[in-house]
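Read the figures in this text as sums done on the coordinates, not as results from a lab. Computed from a prediction, not measured in an experiment: that's the story for all the values here. Because the Cβ atoms are built from the backbone with ideal geometry, glycine has one as well, and the counts that use them run over all protein chains shown.
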Amino acid sequence: MSEMQAVVGEVSRKIEALENNRRKLVKAIREIKDFEFRVGDLTRDRVINPVKKVKVNCKVCGVDGGLQARSFHGIDVIVVRAVGVCMNYADGRVESVKYYQPPAPRVLSAETASDAELVFLSGIHRMIEEAGRVVEVIREESPDYLLLDGPISTPQHFGCKNYVS
């Protein structure tokens, strides 16, 4: 049990150090928030710029996926999952939220000749999973806006009129 306590203690110290660094960064940014700062057309006038609040009335959905791939002796294992969430906004407030996720990730086995082939194959399986979730979300929800991350970058092919990738 003492070995377990040592590991937990080490993880706790690392998390604490990361949180301390995050606090220092936030403090530094707050101190220079009104500093005049401009890099060509890439930045605004200050380090922190106020954002105008807008009361939206629309349905926004997002889809993202993840994967794990490991090569073992004679077999490769690929685990993929894609999830979606849809938020219906009325008068600038979230009126309802619906989640689209499988009960468990999809687990696949493969036999690849190299690490590069495993990376490529696992990426393909992730894209297939994400595309399926995008189709499901659009068919069920007909969102006004669709937010995507990753390799799926042309959702107009799925029938969505507004998207951010």
In the structure shown, of Lys27/Lys53; Lys33/Lys59; Lys52/Lys98; Lys27/Lys59; Lys24/Lys59; Lys24/Lys53, the pairs separated by more than 31 angstrom at the C-alpha atoms are Lys33/Lys59; Lys27/Lys59; Lys24/Lys59
Here the convex hull volume per residue of the stretch 59-164, taken over Cα atoms and given in Å³, is 97
With +1 on the Cβ of every Lys and Arg and -1 on the Cβ of every Asp and Glu, the dipole magnitude of the stretch 44-87 about its Cα centre, in debye rounded to the nearest 20, is 460
What the 10 Å binned alpha carbon P(r) of the stretch 1-128 shows, as percent of pairs per bin from 0, is 10, 17, 17, 35, 18, 4
Interchain or sequence-distant (5+) residues whose placed amide H lies within less than 5 Å of the amide H of Thr112 are Asp76
